[in-house]
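Report on one structure; see the data block that follows.
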Amino acid sequence: MTTHHMTAADGGGRLVVDALEKHYQLDGAEVPVVKGVSFTIEPGTFTSLLGPSGCGKTTTLRCVAGLETSDGGVISLDGKVLSTGTRHVSPDKRDVGMVFQNYAIWPHMSVFANAVFPLQVAAGRLPKKEARTRAMEALELVQLDAYAHRPATALSGGQQQRLALARALAHRPKLLLLDEPLSNLDAKLRDTMRNELRSLQQRLGITALYVTHDQSEALSMSDRVAVMNGGRIVQEAAPRDLYFAPADRFVADFVGRVNLIPAVVRDRDANGDALVEAFGTRLVTPCPVESGTGADVTVTFRPESVRWHEAPVDRPNLLPARVARVEFLGEIVEYEAEILDGATTVGRVIARGAPLNSPTEGSTVFLELAPQACRVLAA
Amino acid sequence: MSRVERTTRAGRTRPTGMTVATVIAGSVIFLLLAIPLAVQVITAFRGPFLPFGVSTARWSTENFVTLWGLRDDFWDVLGATAAFVGGSTVLSLLMAFGLAWVTVRTDAPFRRMISVLVIVPFIVPPIVKAQAYLLMLSPESGVLNQLLRLLPGDLVIDPYAFSTMVVIQSLTNVTFPYLMIVPILTGMDGSLEESARVSGASWGQTLRRVTLPMLWPGLLGVMVLTFILGLGSLEVPLLFGQESGKDIFALKLWTLISAGAGELPQYGLAAAWGCVFLVITTIAFVIYLRATRDAERRASISGKGFRPTTMKLGGWRIPVLLAILVFTMLTAVLPLFALLWSAITPYPLAFSFDALRTQTHFTAFGEVLADGEFWASLGRTLIIAGGSATIACGAATVLAYGIARSRATGWTRSMDLFASSSVAIPAVIAGFAMFLTFMVINPVIPLAGTIAALVIAYSYRVSIAYRAGFSATLQIRTELEEAALISGASRLEGFRRIVAPLLAPTVFAVWIQMFILGTNEFTLPAFLATPESRPLSVYMYAMINPRSAQLYAPDQGAAMALIFTLLVFAIGYGLQWLVSLRSIGRAARRGRVVDAATDALGTAAVAVEATDATDTRSVAAQQVAELTHR
């Protein structure tokens, strides 16, 4: 393997995006798409922009690439300013690599010709022999060196994806941009590619900016995840923090499955943690809230944090419930339970558990919402 | 949102090299089409001869007053033209639809052979076809009338009867609508018909209630284009119309400017006529645009290349085959025979085995091949056809790329419409307007009667190349270019290394199509060519036209027609073979893999079709059909 050639010590650059703005002209009207987005990616780390379609994540990425001209804010890579609202370095002079959603493999070229292209054109031109070596290295990285002289379109979807990656890395850019690169692959291949992509990024130490609407991709690959909604970043955090400590209802709901239960703050304990009223009963939550007593809040907890018991146990936050629906999903079982207050239903909870130990449909059980698994968010 | 993203381009604040190229190409096309039409309109309003540089030139509506003053004549021409063009359009459309249906949607035997046989006449120059029909229908010596005499009854076809002209015009043009209807039928979503059948409808009911309503907008588009083609072509009216005594517009225009001895040609009046008919074709073009927009909305064309279910002919097999046999006799076998017979007989002579033994000789072929003027006019034909195809394809491709890749503004939309509009200008009007233009600018730029003038005039069919280039560009996803930019390539490098190779198969295919159109062209040079610049089609007409006394040699004319046709065939196939070796071959290899690159390869698929269909003109069909799909 010659891959060690590629593990350049200066692999990645530091990307700073500050107060980025972008509008589109639509029938004469200015439609803001990105509204003051700021984030920093440290050299060699992997950051994902996660959000629903239309949230501005792809536009942000394309502004960083230079394929869109931003209307405000500053983008800089390793201190070199790439964009201000008025001046823009053209994409071919930004020293970035990009993998497009639908590969963008040039169909009239061979695999090798695709990979060597960045080393032949003005910005990154190398002597012929060196370009050849470097392109082959890039193909080796993605295990396509054996296919170098096939027509690019003779590759399968997954192989085209790898080729796109090799092409993006061939000129050793400081920043790798990935625009939903796995969304056209089937589920199994997506998992494999996810792991390969991450390990390759870590091996090369390149800085990566990844755009996706798939939360499991973002959580599994990233050092940092920025969740976007309506043209803004609503939360930027490490994957675990994002999952377990979402900043608001949107993040909680968008990242993973979640129960969102309306509640009212009733009391606080000595730590400032809230005692809230939900489902007609009091729940203990360890989560500090600013809101005062009587405020409407939302209690959130993940389905997998719910535990069930056949008979009452002496634990906090224990709720009697009737199992309304059980859905077998293979590795887990998801069930929906109606929380009971006497004979009346006061709410519904989605829970998940191991398939071999699941409640039966129609049975009455006791659900335990461990206080450390609950969070209180603004209503 | 992605649509907005796609149309917003980086760096649009300052003009790039591409923008400049687009503007230049746009200007070339604009001037090419706008100046002649403007000159024609000005001439109509400025005096009886030329609008500038002559003492009689002044602004007046005199020409229109004259036109109205001769209104009996005016209504005669309008009526005769409507009957001639309308009748032949309807007739050729019916034949074309029937043939297309049989080859695409039925289990008729020899479908593949039939589809080739139908296309073959299209590559024969229309002037040759018209000449062949004239020979074939000659009352005494014509082979068709001879055959009819064998039948009981006293049936003789009068070649100069108006109805004969209509039939001949429709037979001459039938391949054009056929080539446009085939892809419409092939691309139809078969499941829509199948669901009608499953709902209990018979074949007939399905055709009437589902198929035809679905195809109607597309067919209307074909009808309008066939109508404009018919209105613009001079060949049949010139060869038959003069004797028939009917004034058809194309012929009227031609007679008005071919003044007799001692009188001035009436350019002003001719221009007024041109304006009237330009209004008519503009209305037709608007109908066409609406029709094709509807066609898009109904999405009856999926372009997915699956074959809809075929109809079982059953007992109809024999009648259908007979009909096709008669059609082939009329469009290929008999015309060819008539030409050959005429070429080997010294004067018009009825066919008999006795005559075959005693009267025939092949000297006419030798005479043609020994004729220096034949070779000179052949050379001019190739130069004019090649030059105009290159100009039209070059300018149109650059403009099409530029417009397809820019944000839709009022400017780009109007330029798009304008570049597509040359299809609405009948050839005869284009020829006349170009003729006037070169006369007007001659004191400044002396081009009148030159080969250069013909090259420019032939280029007016630019919209064929424009539409093809436009749809081919749309099929190249922008990501392919963006990927080049990100890789560090400049815009120009990206265009050269990514876009140009992907567009090449389409551009080549259209070039071949326009080249062959150019070699076949007769109407435009009939207005523009002088003996020094005339292409083969015009030289050949001189040989068969009894009025061109010293050149008149019908046997040589027929021999030349045969050689001419053979040459067009050879050139067409030769070029196609060359292209198939290079870019199309590459495209075909790529085409085997249908995956993520499918979109970009749509372009190549068109070209691959061409090698498959054994005829260059099927490329034409694909490209022209794109006009109707839109």
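The values are calculated or read from the model by the stated rules, or taken from the named source; none is laboratory data. As the structure is a computational prediction, the values presented were derived from the model and not from experiment. Heads up, the Cβs are rebuilt from the backbone with ideal geometry, glycines too, and the neighbour counts pull from every protein chain shown.
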| Yes/no for B:Phe418 being surrounded by fewer than 24 Cβ atoms within 10 Å (Cβ to Cβ), in contact (Cβ under 8 Å) with a residue 40 or more places away in the chain, among the aromatic types (Phe, Trp, Tyr) and more than 14 Å from every other protein chain (Cβ to nearest Cβ) | yes
| Of all helices (runs of 4 or more DSSP H) completely enclosed by segment B:440-550, which ones contain at least 2 residues that are modelled with pLDDT of 90 or more, crowded, with 20+ Cβ neighbours inside 10 Å and away from chain A (no Cβ under 14 Å)? | B:451-458, B:462-475, B:500-520, B:523-528, B:536-544
| said: Which condition from (1) among the hydrophobic types (A, V, I, L, M, F, W, C); (2) modelled with pLDDT under 90; (3) more than 18 Å from B:Thr282 (Cβ to Cβ) is the one that B:Val423 breaks? | reply: (3)
| query | Considering segment B:342-364 alone, what residues qualify as being part of a helix (DSSP H, G or I) and either at pLDDT 90 or above or aliphatic (A, V, I, L, M) (or both)? | reply | B:Ala343, B:Ile344, B:Ala355, B:Leu356, B:Ala364
| query | Do any residues in segment A:98-112 that are closer than 16 Å to B:Gly488 by Cβ have Cβ atoms under 9 Å from those of residues that are buried (at least 24 other Cβ atoms within 10 Å of the Cβ) and hydroxyl-bearing (Ser, Thr, Tyr), where the two are at least six apart or on different chains, and which pairs are they? | reply | A:Met98/B:Ser487
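If I ask for residues that are among the polar types (S, T, N, Q) and either touching a Ser or Thr at 6+ places or on another chain (Cβ under 7 Å) or surrounded by fewer than 23 Cβ atoms within 10 Å (Cβ to Cβ) (or both), which ones from segment A:142-192 would you list?
Residues of segment A:142-192 among the polar types (S, T, N, Q): A:143, A:153, A:156, A:159-161, A:183-184, A:192.
The answer is A:Gln143, A:Ser156, A:Gln159, A:Ser183, A:Asn184, A:Thr192.
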| said: Just checking, does segment A:42-50 include any residue being more than 16 Å from A:Ile206 (Cα to Cα), assigned by the TED database to the domain that holds A:Asp223, at pLDDT below 95 and surrounded by fewer than 20 Cβ atoms within 10 Å (Cβ to Cβ)? | reply: no
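In segment A:80-109, what residues are away from chain B (no Cβ under 11 Å) and modelled with pLDDT of 90 or more? Quick ask: steps written out before the conclusion?
First pass over segment A:80-109, keeping only residues away from chain B (no Cβ under 11 Å): A:80-82, A:84-85.
A:Lys80, A:Val81, A:Leu82, A:Thr84, listed by residue number.
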| query | Conditions: (1) surrounded by 18 or more Cβ atoms within 10 Å (Cβ to Cβ); (2) at pLDDT below 90. B:Thr81 meets all but one. Number of the miss? | reply | (2)
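Quick grid of which residues meet (1) out of contact with any helix residue (DSSP H, G or I) (no Cβ under 8 Å at 6 or more places or on another chain); (2) in contact (Cβ under 8 Å) with a residue 24 or more places away in the chain; (3) assigned to a loop (DSSP other than H, G, I, E, B):
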site	(1), (2), (3)
B:Gly98	no, yes, no
B:Gln131	no, yes, no
B:Arg149	yes, no, no
B:Pro152	yes, no, yes
| request: For A:Leu204, indicate whether it is away from every other protein chain (no Cβ under 14 Å) and over 18 Å from the mean Cα position of the chain (by Cα). | output: yes
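A:Leu26 - would you say it is buried (at least 20 other Cβ atoms within 10 Å of the Cβ) and of a type outside the set (S, T, N, Q)?
Numbers: buried (at least 20 other Cβ atoms within 10 Å of the Cβ): no; of a type outside the set (S, T, N, Q): yes.
Considered against the rule, which asks whether it is buried (at least 20 other Cβ atoms within 10 Å of the Cβ) and of a type outside the set (S, T, N, Q), A:Leu26 comes out as no.
Return a yes/no flag: does segment A:287-296 have any residue that is in contact with a Pro (Cβ under 8 Å, 6 or more places away or on another chain) and either assigned by the TED database to the domain that holds A:Val365 or free of Cβ contacts under 8 Å to residues at least 40 places away in the same chain (or both).
Yes: segment A:287-296 contains one or more residues that are in contact with a Pro (Cβ under 8 Å, 6 or more places away or on another chain) and either assigned by the TED database to the domain that holds A:Val365 or free of Cβ contacts under 8 Å to residues at least 40 places away in the same chain (or both).
Checking the conditions here, which among A:Ala270, A:Ala311, A:Ala321 is of a type in the set (A, V, I, L, M, F, W, C) and farther than 19 Å from A:Glu368 by Cα? Full working, then the answer.
Working: A:Ala311 fails: farther than 19 Å from A:Glu368 by Cα; A:Ala321 fails: farther than 19 Å from A:Glu368 by Cα.
Just one listed residue meets the conditions, A:Ala270.
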| task | Count, please, the residues in segment B:398-414 that happen to be surrounded by fewer than 21 Cβ atoms within 10 Å (Cβ to Cβ), of a type in the set (A, V, I, L, M, F, W, C) and in contact (Cβ under 8 Å) with a residue 24 or more places away in the chain. | result | 2
| message | Six or more apart or on different chains, Cβ atoms under 8 Å: show the pairs whose first residue is in segment A:363-376 and of a type in the set (Ser, Thr, Tyr) and whose second is in a strand (DSSP E or B). | response | A:Ser363/A:Arg322; A:Ser363/A:Val323; A:Thr364/A:Pro320; A:Thr364/A:Ala321; A:Thr364/A:Arg322; A:Thr364/A:Val323; A:Thr364/A:Leu340
| task | Considering each residue of segment A:151-199, count those that are facing chain B (nearest Cβ under 10 Å) and either within 18 Å of A:Leu49 (Cβ to Cβ) or not in a helix (DSSP H, G or I) (or both), and give that number. | result | 9
| field | Residues being surrounded by 13 or more Cβ atoms within 10 Å (Cβ to Cβ), without any contact (Cβ under 8 Å) to a residue 24 or more places away in the chain and small (Gly, Ala, Ser) - total across segment B:349-387 | value | 3
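Mind listing just one residue for me: the one in segment A:110-127 that is touching a Pro at 6+ places or on another chain (Cβ under 9 Å) and crowded, with 23+ Cβ neighbours inside 10 Å and, of those, farthest from the other protein chains (Cβ to nearest Cβ)?
Here is the first cut: in segment A:110-127, the residues touching a Pro at 6+ places or on another chain (Cβ under 9 Å) are A:110-111, A:118, A:124.
Narrowing further to those that are crowded, with 23+ Cβ neighbours inside 10 Å: A:111, A:118.
Values: A:Val111: 12, A:Pro118: 4 Å.
It comes out as A:Val111.
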| Of everything in segment A:63-79 that's out of contact with any Pro (no Cβ under 9 Å at 6 or more places or on another chain) and within 7 Å of another protein chain (Cβ to nearest Cβ), which residue is nearest to A:Gln120 (Cα to Cα)? | A:Glu68
| If you go through segment A:1-17 one residue at a time, how many are at pLDDT 95 or above and among the acidic types (Asp, Glu)? | 0
